[in-house]
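Heads up, the thing below is written out as structure tokens.
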Amino acid sequence: MADNHNLQNPHAILVAYPLQGHVIPAVHLAIKLATKGFVITFINTQSIHHQISKSHSSPGDDLFAGARKSGLDIRYTTVTDGLPLGLDRSLNHDQFMECLLNVFSAHVDELVGDIVRRSDPPATCLIADTFFVWSSMVAEKHKLVNVSFWTEPALVFTLYYHWDLLRENGHFGGSGT
């Protein structure tokens with residue numbers, strides 16, 4: 001008979017792209033996985049956390065306070081995106097995108113390393129939004145399985161995937177545009 005006393009729940013680290021249309025599906029995924037026995041560590045940006053906290057009556061709560069009260073093991077932590085908390089990211093889009101590509105990844109890498117070293121049960125995978133092009137490198141560095149999470153409709157994925165073919169066949173973006 002197998003020795004089952006050492007079996008632990010899988011532990012996923014989940015990183016959402018810091019825009020509302022990406023965070024909400026990531027929150028739903030975190031809760032769904034937790035109901036199936038996963039331990040989840042959800043990494044959110046400090047700026048998104050700050051926006052959410054301002055809109056809640058209990059400022060100490062995070063997105064998963066209610067889920068934890070129901071017995072789900074969802075841990076929550078924040079990380080800087082590299083920009084000052086007060087900076088309006090929607091008005092500074094280019095700077096925000098630059099930081100997400102070149103600065104945020106280093107902060108996430110460091111935090112994932114800390115989680116991997118200290119977590120119990122040990123982290124087993126990194127689930128990151130598909131828009132993060134660096135997540136596979138972070139996962140590989142920390143010996144985690146990399147899972148790419150697509151938060152948009154399947155049609156949008158298909159359009160992105162076939163972008164060149166659609167242009168080539170003249171479905172949009174005709175010559176010179």
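The values are calculated or read from the model by the stated rules, or taken from the named source; none is laboratory data. The structure presented is a predicted model; accordingly, all values stated were derived computationally and were not measured. All Cβ positions, even for glycine, are placed from backbone atoms using ideal geometry, and neighbour counts span all protein chains on display.
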*Which of (1) assigned to a loop (DSSP other than H, G, I, E, B); (2) out of contact with any strand residue (DSSP E or B) (no Cβ under 9 Å at 6 or more places or on another chain); (3) farther than 17 Å from Phe104 by Cα is the odd one out, the single condition Ser53 does not satisfy?*
(1)
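So that you can scan it fast, the table gives a plain yes or no per residue for (1) at pLDDT 95 or above; (2) aromatic (Phe, Trp, Tyr); (3) assigned to a loop (DSSP other than H, G, I, E, B); (4) surrounded by 15 or more Cβ atoms within 10 Å (Cβ to Cβ):
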{"residue": "Asn6", "(1), (2), (3), (4)": "no, no, yes, no"}
{"residue": "Leu14", "(1), (2), (3), (4)": "yes, no, no, yes"}
{"residue": "Phe42", "(1), (2), (3), (4)": "yes, yes, no, yes"}
{"residue": "Asp94", "(1), (2), (3), (4)": "no, no, no, no"}
*Quick one: is Thr77 surrounded by fewer than 16 Cβ atoms within 10 Å (Cβ to Cβ), under 14 Å from the mean Cα position of the chain (by Cα) and assigned to a strand (DSSP E or B)?*
yes
*Single unsatisfied condition, His49 versus (1) in contact with a Ser or Thr (Cβ under 8 Å, 6 or more places away or on another chain); (2) modelled with pLDDT of 90 or more*: (2)
*Please state which of the following conditions Leu100 fails to meet, knowing it meets all the rest: (1) assigned to a helix (DSSP H, G or I); (2) modelled with pLDDT under 95; (3) more than 14 Å from the chain's Cα centre (by Cα); (4) of a type in the set (A, V, I, L, M).*
(3)
*Can you find a residue in segment 56-72 that is of a type in the set (Phe, Trp, Tyr), crowded, with 17+ Cβ neighbours inside 10 Å, under 19 Å from the mean Cα position of the chain (by Cα) and farther than 19 Å from Phe149 by Cα?*
yes
*If you take the residues of segment 43-86 that are without any contact (Cβ under 8 Å) to a residue 24 or more places away in the chain and of a type in the set (A, V, I, L, M), which of them is nearest to Asp114 (Cα to Cα)?*
Ala65
*How do the helices (runs of 4 or more DSSP H) wholly within segment 108-177 filter down when requiring 2 or more residues that are within 25 Å of Gly82 (Cα to Cα) and at pLDDT 90 or above: which remain?*
135-141
*In the set Val147, Val103, which member is touching a residue at least 12 places away in the same chain (Cβ under 8 Å), among the β-branched types (Val, Ile, Thr) and within 26 Å of Asn9 (Cα to Cα)?*
Val147
